[in-house]
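Scroll down for the structure; my scribbles are underneath it.
Where a number appears in this text, it was derived from the coordinates with a stated rule and is not lab data. From a predicted model like this one, the values you see are computed outputs, not experimental measurements. Here the Cβ positions follow ideal geometry from the backbone for every residue, glycine too, while neighbour counts run over all protein chains shown.
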Ligand SMILES: [Zn+2]
């Protein structure tokens, strides 16, 4: 199974489903999409980490927001990962908090 960009027909179905799910505005800045600022697909968890085109990992974003985010993890995901690391034995020992 290919994990690359789906066929154009499927991409269009995904775009329509995301517009219905999220409305016609950018996920990040909430500005409505226009001909000058069209919707682009953004992989919420970057493709470099999770190579999928599943809708649950896709949002529509304007191009400036999409480029600004790039391959960065969204803050809520990063915070969740850091929280789990902070409570790990390795982290506790590294910080001198555990014997
Ligand atoms: Zn935006």
Of the residues that make up the stretch 40-56, is at least one part of a helix (DSSP H, G or I), more than 9 Å from the ligand (Cβ to nearest atom) and surrounded by fewer than 16 Cβ atoms within 10 Å (Cβ to Cβ)?
yes
Name the residue that is nearest to the ligand (Cβ to nearest atom), counting only residues in the stretch 64-96 that are within 30 Å of residue 34 (Cβ to Cβ) and surrounded by 14 or more Cβ atoms within 10 Å (Cβ to Cβ).
65
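Here is a yes/no grid of residues against (1) more than 12 Å from the ligand (Cβ to nearest atom); (2) without any contact (Cβ under 8 Å) to a residue 60 or more places away in the chain; (3) farther than 18 Å from residue 52 by Cβ; (4) outside any loop (DSSP other than H, G, I, E, B):
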{"residue": "3", "(1), (2), (3), (4)": "yes, yes, no, no"}
{"residue": "6", "(1), (2), (3), (4)": "yes, yes, no, no"}
{"residue": "11", "(1), (2), (3), (4)": "yes, yes, no, yes"}
{"residue": "14", "(1), (2), (3), (4)": "yes, yes, no, yes"}
{"residue": "18", "(1), (2), (3), (4)": "yes, yes, no, yes"}
{"residue": "21", "(1), (2), (3), (4)": "yes, yes, no, yes"}
{"residue": "28", "(1), (2), (3), (4)": "no, yes, yes, no"}
{"residue": "34", "(1), (2), (3), (4)": "no, yes, yes, no"}
{"residue": "37", "(1), (2), (3), (4)": "no, yes, yes, no"}
